[in-house]
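*Asks:* Provided herewith is a single structure, encoded as structure tokens, for subsequent inquiry.
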Amino acid sequence: MGHVWNWLRDAWMGWTKYTDAGKLVVLALAVLLYLGFFAKNRGSQKKMVRYGMVAATICICPVTAAVLMFYQTRFYDYQWIWSVVPLTALIALGGTVFLTDQWNEKKEKSTWVRNAFVTLASVTVVFLCGNLGESSVDVAQAREDRVAAQVVLEEVRARYGEDLCLWAPAEILEYARLEGNMELYYGRNMWDAALDAYSYETYSPEQKRLYQWMETLDDWDIQISIKEIQSNLEHAFADGVDCVLLPTEMSDWLQETETKESLPEYLGEICDCEVTELTDFYLMKKR
Amino acid sequence: MNICLLFACMTVLPVLAGRGVLAILYRKQARKFYIAEGLIVGWLVVIGLAQVAHLAAVFLGWSLRKVTVLFAACCIVVALTGVLIGLAGAKAGKGVDERPHKSLTMRSYGLITVWILLSVWQVMTIVSQESVYRVGDMTVETVESFLQTDGIYTVNPLTGRGYEAGIPFRIKILGLPTLYAMLCNLFGIATTELVWRMIPVMVLLLSYCAFWVLGKVLFDSDKEGEKRLLFMVFTALLFCVGDYAFGMDGFGLLHCGYRAVTIRNLVLIPYAFFLGLRKKWRVALPVVLAEACIAWTFYGMGMSLVVLAGMAVISRLQKKEAAGLRSVQKEA
């Protein structure tokens with residue numbers, strides 16, 4: 001019973017979320033009303049419109065949507081049940097029928113200015129229901145992040161080759177498996193839970209703890225100690241890690257101010273590893 | 001050079017294979033098929049061949065190189081068979097398109113220009129490469145791990161370490177990453193280059209082919225050429241403005257065109273609508289199978305099956321309605 005309730009809740013919440021960001025779905029529904037009740041449809045168009053009406057109703061109604069969600073499997077979220085509704089084709093069909101009807105030269109009111117205005121208004125409606133020209137992916141930030149990570153990874157490869165296991169902040173590990181064969185202490189599924197669907201692999205509590213610790217190192221309000229760094233590095237090396245990247249920023253949060261200047265040498269001594277200072281990271285290789 | 005060769009092979013070979021398959025399935029109506037449709041059906045064949053190679057690697061333990069050779073050989077054989085069937089059809093006078101070509105109006109030229117401009121903008125967005133949406137996806141890592149280890153799922157793509165608990169069987173049998181790995185192997189192209197740039201551009205082309213044939217059936221009269229072009233312009237516009245959320249068609253095409261769900265939603269399903277509207281049920285099975293080969297489905301039954309079933313039901317009801325109307329008219 002609980003499962004059924006969950007399916008229904010997901011179906012209802014899914015519809016709310018789906019129509020939250022943009023309004024193309026709403027536009028498609030308006031187009032269906034227009035094509036179904038106000039436009040003259042022939043053969044194929046009629047079939048398409050009827051199918052669209054039934055399919056859209058199934059996707060909106062929580063009970064039928066839950067059934068479709070069960071059919072498409074838990075692997076997919078609510079929005080994917082809308083695959084069965086030809087949103088793009090229906091809106092394009094509606095726009096085409098509407099505009100060609102307006103452009104019809106036999107119409108008494110048809111003038112060049114009026115046609116241009118109607119066309120512009122139609123395109124504007126499509127834009128208003130869409131992204132309004134704003135890309136949903138921050139391209140500049142993505143490029144910057146990837147290039148920065150690649151520079152660091154290249155340095156690691158140049159020094160120690162590919163045959164090693166790396167532990168580093170998520171911003172580096174995110175891109176480490178895009179090329180080459182370097183092993184990682186943990187993968188992207190540590191912070192992208194959706195990726196867990198692709199394997200049965202899980203991480204140990206120790207790996208999760210070390211991940212949490214690593215990600216707090218560039219926070220400005222933390223305080224860490226040399227002992228803590230030493231302990232965590234020893235744990236990681238004992239767990240099969242060969243190379244570690246720690247952000248140089250972390251030296252600012254050290255409680256022991258006297259060790260800040262000579263931190264690389266000091267870490268090398270106490271952790272028995274080779275320490276190199278890269279642009280933003282300390283690269284540590286187990287001896 | 002490799003990229004040109006890749007695109008030449010990814011378009012010419014599937015068209016040849018697709019035309020061959022269509023000629024076999026619909027002998028008498030072979031001339032009614034378009035190059036766009038041949039390309040889509042050819043890609044269904046390519047997906048099928050890649051799946052065979054993938055299963056050989058998974059169950060027989062063959063190396064990636066070995067299955068790549070098998071895949072390439074099968075593709076060439078199928079394409080050659082398609083050429084032979086096409087030649088035989090042409091000799092018999094079946095393969096020639098005899099429809100008259102109409103001259104275009106000024107408005108048509110305008111629509112074509114807008115469509116091309118929108119498409120160019122889309123291609124530019126895709127090839128910029130940084131607009132990729134990677135959340136919940138590990139295609140590149142998977143393909144790269146196949147190439148590095150010369151095997152299929154021998155290591156966890158996310159960590160490069162051996163599997164301890166393994167992966168779900170339903171993920172293991174999906175052949176799309178193997179297809180990409182084999183293409184990387186054959187053409188010597190970097191994984192990110194192929195998966196993030198080349199494949200999405202190809203999927204964009206296939207998607208336009210699917211919407212083009214759909215437009216052809218929605219506006220099937222010879223006088224409706226302009227309407228078809230307007231339909232394509234609207235489609236292109238919707239791809240551009242519809243990238244506001246994950247799951248929308250535009251988002252799939254512009255930010256994750258290599259994913260199985262994008263191929264399903266923008267190539268297989270529009271083509272399934274075309275098949276449903278044209279009542280060409282014989283090609284329906286390859287569409288359903290192609291989806292089952294690339295995307296996680298309910299025991300092989302995916303969304304294209306729902307679409308095809310829905311279209312079949314609507315067709316049946318419409319037929320009954322028409323029959324009822326005719327009998328009423330006769331009685332009157």
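Any read-out appearing in this document is the output of simple, stated calculations on the displayed coordinates, not a laboratory observation. Small disclaimer: the values here were computed from a predicted structure and weren't measured. Note that we place each Cβ from the backbone using ideal geometry, even for glycine, and neighbour counts take in every protein chain shown.
*Asks:* With θ set to phi - 60°, apply the Karplus curve 6.51 cos²θ - 1.76 cosθ + 1.60 along the stretch B:134-145 and write out the HN-Hα couplings as whole Hz, x wherever there is a Gly or Pro.
*Replies:* Working through the residues one at a time gives 9, 4, x, 10, 9, 4, 4, 4, 5, 4, 4, 5 Hz.
*Asks:* Could you pull out every residue, at least 5 positions away or on a different chain, whose amide H is within less than 5 Å of the one on A:L254? Hs are placed 1.01 Å off N in the peptide plane, and Pro or chain starts have none.
*Replies:* A:I224
*Asks:* In whole angstrom, note down how far apart the Cα centers of the stretch A:162-211 and the stretch B:276-324 are.
*Replies:* Cα centres, the stretch A:162-211 to the stretch B:276-324: 41 Å.
*Asks:* Turning to a different aspect of this structure: Provide the percentage of antiparallel DSSP beta bridges, counting only those with both residues in chain A; round to the nearest 5. It would help to have the intermediate numbers written out before the result.
*Replies:* Working: 10 of 15 bridges.
For chain A, the DSSP antiparallel bridge percentage is about 65.
*Asks:* Note the per residue figure in Å³ for the convex hull of the C-alpha positions in the stretch A:159-277.
*Replies:* Values: hull volume 13.7 nm³, N = 119.
Hull volume over Cα atoms, normalised by residue count, gives 115 Å³.
*Asks:* With N denoting the number of residues in chain B, provide Rg(C-alpha) divided by 2.2 N^0.38 Å, to two decimal places.
*Replies:* Working: Rg = 21.1 Å, N = 332, 2.2 N^0.38 = 20.0 Å.
With N residues counted in chain B, Rg over 2.2 N^0.38 Å equals 1.06.
*Asks:* Hey, another quick one. Which cross-chain or sequence-distant (5 or more) residues have an amide H under 5 Å from the amide H of B:W62, H modelled 1.01 Å from N in plane?
*Replies:* Residues meeting the amide H criterion: B:A57.
*Asks:* Please compute the Cα-Cα pair-distance distribution of the stretch A:132-192 with 10 Å bins starting at 0, giving whole percents from short to long.
*Replies:* Result, from short to long distances: 20, 49, 22, 8, 2 percent.
*Asks:* Can you list the trypsin sites (Lys or Arg not before Pro) in the stretch B:4-68 that are in a DSSP coil and have 10 or fewer other beta carbons within 10 angstrom? Walk me through the numbers before you get to the answer.
*Replies:* On the way: sites: B:R19, B:R27, B:K28, B:R31, B:K32, B:R65, B:K66; in loops: B:R27, B:K28.
Loop-located and lightly packed - B:K28.
*Asks:* So what does the Cα-only Debye profile of the stretch B:127-178 read at q = 0.17, 0.23 Å⁻¹, as log10 I(q)/I(0), no solvent term?
*Replies:* For the stretch B:127-178, the Cα-only Debye profile gives -0.56, -0.93.
*Asks:* 5 Å is the cut-off here: which amide hydrogens, built 1.01 Å from N in the peptide plane, fall below it relative to A:Y282, excluding neighbours closer than 5 in sequence?
*Replies:* Under 5 Å from the amide H of A:Y282 lie the amide H atoms of A:L246, A:T248, each far enough along the sequence or on another chain.
*Asks:* Right, next: Please state, rounded to one decimal and in Å, the Kirkwood hydrodynamic radius that the stretch A:179-248 gives when every pair of distinct Cα atoms enters the mean of 1/r.
*Replies:* Numbers: mean 1/r = 0.0730 Å⁻¹.
After inverting the pairwise mean of 1/r, the radius is 13.7 Å.
*Asks:* How large is ³J(HN,Hα) for each residue in the stretch A:145-155, as worked out from phi by the Karplus curve 6.51 cos²θ - 1.76 cosθ + 1.60 (θ = phi - 60°), to whole Hz, x for Gly and Pro?
*Replies:* So the Karplus estimates, Gly and Pro as x, are 4, 5, 5, 4, 5, 5, 4, 5, 5, 4, 5 Hz.
*Asks:* So, one more: Residue-wise, which Karplus ³J(HN,Hα) couplings in Hz belong to the stretch A:44-59, taking 6.51 cos²θ - 1.76 cosθ + 1.60, θ = phi - 60°, and x for glycine or proline?
*Replies:* Working through the residues one at a time gives 4, 4, 4, 4, 4, 5, 4, 4, x, 5, 5, 5, 5, 4, 4, 6 Hz.
*Asks:* I want to verify a result. In a Gaussian network model of chain B, Cα cutoff 10 Å, which of these has the top mean-square fluctuation: B:A245, B:A36, B:A57?
*Replies:* In this elastic network of chain B, the residue with the biggest mean-square fluctuation among B:A245, B:A36, B:A57 is B:A245.
*Asks:* Evaluated at 10 °C with a viscosity of 1.306 mPa s, what Stokes-Einstein diffusion coefficient in µm²/s does the stretch B:149-303 have when Rh comes from the Kirkwood expression over alpha-carbon pairs?
*Replies:* Values: Rh = 17.3 Å.
The diffusion coefficient I find is 92 µm²/s.
*Asks:* May I have the pair-distance distribution P(r) for the stretch B:286-332, computed from all Cα-Cα distances with 5 Å bins from 0 and rounded to whole percent?
*Replies:* Once binned at 5 Å, the Cα pair distances of the stretch B:286-332 give 5, 21, 17, 13, 10, 9, 8, 7, 5, 4, 1.
*Asks:* Could you please rank A:M53, A:M214, placing first whichever residue has the fewest other Cβ atoms within 10 Å of its Cβ? Could you put the intermediate results ahead of the total?
*Replies:* Values: A:M53 18, A:M214 24.
Least to most surrounded, the residues fall as A:M53, A:M214.
*Asks:* Could you work out the mean projected area of the convex hull around the alpha carbons of the stretch B:264-310, in square nanometres to one decimal?
*Replies:* Working: hull surface 11.2 nm².
Result: 2.8 nm².
*Asks:* How long are the three semi-axes of the equivalent ellipsoid for the protein assembly as shown, computed from the Cα gyration tensor as the root of 5 times each eigenvalue, in whole Å, largest first?
*Replies:* On the way: eigenvalues 497, 157, 106 Å².
Its equivalent ellipsoid spans semi-axes of 50, 28, 23 Å.
*Asks:* Percent of alpha carbon pairs in the stretch A:1-143 separated by more than 26 Å? Mind dumping the intermediate values first?
*Replies:* Numbers: 3992 of 10153 pairs.
When every Cα pair of the stretch A:1-143 is considered, 39 percent fall beyond 26 Å.
*Asks:* Next question. Go through the stretch A:176-228 and name the chymotrypsin sites (Phe, Trp or Tyr not before Pro) that are in a DSSP coil and have 15 or fewer other Cβ atoms within 10 Å of their Cβ.
*Replies:* Details: sites: A:Y185, A:Y186, A:W191, A:Y198, A:Y200, A:Y203, A:Y211, A:W213, A:W220; in loops: A:Y185, A:Y186, A:W191, A:Y200, A:Y203, A:W220.
Answer in residue order: A:W191, A:Y200, A:W220.
*Asks:* Over the stretch A:45-92, what number does the Rg to Rh ratio reach, with both radii from the alpha-carbon atoms and Rh per Kirkwood? Working shown, then result.
*Replies:* Values: Rg = 11.1 Å, Rh = 11.1 Å.
So for the stretch A:45-92, dividing Rg by the Kirkwood Rh gives 1.00.
*Asks:* Starting from the Cα gyration tensor of the stretch B:232-322, take the square roots of the eigenvalues, sort them a ≥ b ≥ c, and report rounded, prolate or oblate (rounded when a/c is under 1.5, otherwise prolate if a/b is larger than b/c, else oblate).
*Replies:* Details: a/c = 2.50, a/b = 1.42, b/c = 1.77.
Cα axes put the stretch B:232-322 in the oblate bin.
*Asks:* Let me ask something else. Diagonalise the Cα gyration tensor of the stretch B:10-91 and give the resulting equivalent ellipsoid semi-axes, square root of 5 times each eigenvalue, largest first, whole Å. List each step's numbers first, then the result.
*Replies:* Values: eigenvalues 149, 25, 19 Å².
Taking √(5λ) for each Cα gyration eigenvalue gives 27, 11, 10 Å.
*Asks:* While we're on this one: How many nm is it between the label spots at A:L278 and B:A73, if each spot is 7 Å from the Cα in line with the beta carbon?
*Replies:* Rounded to a tenth, the inter-label distance reads 4.4 nm.
*Asks:* Contact order normalised by length for the stretch B:132-207, with contacts defined as Cα pairs under 8 Å and 6 or more residues apart; what percent is it? All intermediate terms of the calculation are to be shown ahead of the outcome.
*Replies:* Numbers: 51 pairs, mean separation 22.4, N = 76.
The value is 29 percent.
*Asks:* I've got another one for you. Multiply the residue gap between B:A312 and B:W281 by 0.36 nm, knock off their C-alpha separation, and tell me the result in nm, one decimal place. Numbers along the way, then the final one.
*Replies:* Working: separation 31, 0.36 × 31 = 11.16 nm, distance 0.91 nm.
Between B:A312 and B:W281, full extension yields 10.3 nm more.
*Asks:* Taking every eigenvalue of the Cα gyration tensor of chain A, multiplying by 5 and rooting it, what semi-axes result, largest first, whole Å? Display every interim value, and only then the final one.
*Replies:* On the way: eigenvalues 649, 114, 50 Å².
Working from the Cα gyration tensor, I get semi-axes of 57, 24, 16 Å.
*Asks:* Neighbour counts of other C-beta atoms within 10 Å: give me B:Y109, A:Y51 arranged from fewest to most.
*Replies:* On the way: B:Y109 11, A:Y51 24.
Lowest count first: B:Y109, A:Y51.
*Asks:* For A:R42 and A:W103, what is the calculated FRET efficiency with R₀ set at 25 Å and r taken between the beta-carbons, to the nearest 0.05? List each step's numbers first, then the result.
*Replies:* Working: r = 18 Å, r/R0 = 0.72.
With a Förster radius of 25 Å, E is 0.90.
*Asks:* Moving on to the next point. Assign one of three labels to the stretch B:200-278, namely rounded, prolate or oblate, based on the Cα gyration tensor with a ≥ b ≥ c the square roots of its eigenvalues; rounded applies when a/c is under 1.5, prolate when it is not and a/b is larger than b/c, and oblate otherwise. Walk me through the numbers on the way to the answer.
*Replies:* Values: a/c = 2.47, a/b = 1.63, b/c = 1.52.
It is prolate, given that a/c is not under 1.5 and a/b is the larger ratio.
*Asks:* Among B:P270, B:P200, B:P157, which one shows the highest mean-square fluctuation when chain B is modelled as a Gaussian network with alpha-carbon springs under 10 Å?
*Replies:* In the Gaussian network model the winner is B:P157.
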